[in-house]
């Protein structure tokens with residue numbers, strides 16, 4: 001029994017403790033809400049909210065990095081286009 005409810009069918013429980021279960025995972029890292037270092041096992045279903053929060057955080061960071069790269073790319077393209085226009089104008093004046 002875990003939390004008052006029976007665990008999944010293939011879980012093996014000995015002396016009231018879960019010793020084998022497909023959903024039992026060990027997670028190491030930082031808690032995305034508190035920044036606290038964690039290293040412990042629990043049911044995958046219990047980890048889902050924490051892992052979803054972490055996934056959302058990584059997605060936001062990736063989106064921000066892509067937007068930043070896009071902005072730098074646009075600025076560089078505008079500078080190159082400006083330099084090419086200036087070169088074309090200079091060449092046109094020399095040919096007159």
Given (1) surrounded by 10 or more Cβ atoms within 10 Å (Cβ to Cβ); (2) modelled with pLDDT of 85 or more; (3) out of contact with any strand residue (DSSP E or B) (no Cβ under 8 Å at 6 or more places or on another chain), residue 34 misses just (1)
In region 49-96, residues that are within 24 Å of residue 32 (Cβ to Cβ) and not in a helix (DSSP H, G or I) total 0
Being at pLDDT below 90, surrounded by 11 or more Cβ atoms within 10 Å (Cβ to Cβ) and in contact with a helix residue (DSSP H, G or I) (Cβ under 8 Å, 6 or more places away or on another chain) narrows 24, 47 down to just 24
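The values are calculated or read from the model by the stated rules, or taken from the named source; none is laboratory data. Small disclaimer: the values here were computed from a predicted structure and weren't measured. A quick note on method: Cβ atoms are made from the backbone with ideal geometry, for glycine too, and the neighbour counts reach across all protein chains shown.
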